[in-house]
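Laboratory data are not the source of any read-out in this text; all were calculated from the coordinates shown. Please read these numbers as outputs of a predicted model, since none were measured by experiment. Please note: Cβ atoms are built from the backbone with ideal geometry, for glycine as well, and neighbour counts cover all protein chains shown.
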């Protein structure tokens, strides 16, 4: 690859881009990071973050995720268009002529039913435009090794959020809520004590109801829910369904969006009351699961933090103090994209990015990722 950039202490410094499109399908988050060091000893600093809407691709990606029939030509065009949109988003993030060491793209999950999972994207437009290696398809090695392929971010969360004096629970309020439990320093191998698991459908339900009753992609700032009153019976019914997901001990995905509940008649509730009811159920399920982790503090991230009603209810229900990742200098909406950048660097350094106790893959976990190399195998040589 290109010459190494060394800091004054002789540590390798890399500029890495991470890109994430979540199952909420509300856009592409792209983050640039300055990463110093190697492997598990890297130090990460978020440089910039941008969010770009999916535009006309959103409807077709949602069709694919809902398992509507599409032709091979349509899938191929969708993957190519998504790759080109990623390249456009990355271009907004960097200065003209700026050299990038590595780009990691997650791709759009259109099916996740382990051992089958597909994160759709064509990375070649990205590699061609920026003339650097692109890492993608991060879940397949774990799936092939018997794992669930998810949650995929716990090791990155440990690098980004570990604290030597307090344990933390990192909560991603995405399409599905997933959690990383990070212990404080207590001797032994800290990686063996990291926990990670999916909890329940989150933005899938919140946004699905907003589309139904507001004809909007989401309840902006949680204003509708904040103005409504939760229906106790309906909230308990929904929380029961969510709690069943939380107790399954598996990776959530296709078929877990609770689409039938969202489209079912909702008694005579006015829109704001229905939104408040969903917030109460989702917050109750998430907080109940977090309280079993017995951590010193809870850190919220992901697109769901923009729903102030949801954050407020989680705060009120949690036993531990709750803060947003923004307070730790990592923007809540940038956390997943930044995690992708970290995971890409770990893969490049030969570090497995999944943990057997989290995904259920065989021990030792495999080194993951597929590479798109703009100049062929010459990039892979020392």
Exercise for the section: Could you work out how far helix 72-93 tilts from the main Cα principal axis of the chain, as a 0 to 90 degree angle to the nearest 10? Expected result: 70 degrees
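Applying a 10 Å radius around every beta-carbon, put 255-265, 228-238 in order of their mean neighbour count, most first. Don't jump to the answer; show the numbers that get you there.
Values: 255-265: 14.7, 228-238: 17.1.
The densest-packed peptide leads the list: 228-238, 255-265.
How would the range 164-328 be classified by its alpha-carbon gyration tensor: rounded, prolate or oblate, with rounded meaning a/c under 1.5 and the a/b versus b/c comparison settling the rest? Let's see the in-between values first.
On the way: a/c = 2.27, a/b = 1.80, b/c = 1.26.
In terms of gyration-tensor shape, prolate.
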Exercise for the section: Note the angle between two axes, namely the Cα long axis of helix 308-317 and the longest principal axis of the Cα atoms of the chain, as a number of degrees from 0 to 90, rounded to the nearest 10. Expected result: 80 degrees
Fill in the blank from the handout: Over all pairs of different Cα atoms in the range 291-382, the reciprocal of the mean inverse distance gives a Kirkwood radius in Å of 16.3 Å
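Gain in length, residue 185 to residue 56, computed as 0.36 nm per residue apart minus the alpha-carbon separation, to one decimal in nm?
Value of the extension gain: 41.7 nm.
Just from its helices, what would the mean residue ellipticity at 222 nm be for the chain, if runs of 4 or more DSSP H residues each count -39500 (n - 2.57) and the sum is divided by every residue, rounded to the nearest 500 deg cm²/dmol? Spell out each step's value before the answer.
Numbers: 13 runs with 137 residues, N = 382.
So the helix-based figure for the chain works out to -10500 deg cm²/dmol.
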Exercise for the section: Once you have a ≥ b ≥ c as the square roots of the Cα gyration tensor eigenvalues for the range 141-228, tell me rounded if a/c is under 1.5, and otherwise prolate or oblate according to whether a/b is larger than b/c. Expected result: oblate
Exercise for the section: List the equivalent ellipsoid semi-axes of the range 216-309 in whole Å, largest first, each obtained as the square root of 5λ for an eigenvalue λ of the Cα gyration tensor. Expected result: 22, 17, 13
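How high is the relative contact order of the range 164-328, in percent, counting Cα pairs under 8 Å that sit 6 or more residues apart?
Details: 315 pairs, mean separation 49.9, N = 165.
Relative contact order here is 30 percent.
Percent antiparallel among DSSP beta bridges with both residues in the range 164-328, to the nearest 5? If you can, show how the numbers build up before the last one.
Details: 12 of 20 bridges.
Around 60 percent antiparallel, to the nearest 5.
Have a look at the DSSP beta bridges in the chain and tell me what percent are antiparallel, nearest 5.
Numbers: 39 of 54 bridges.
Antiparallel bridges: around 70 percent, rounded to the nearest 5.
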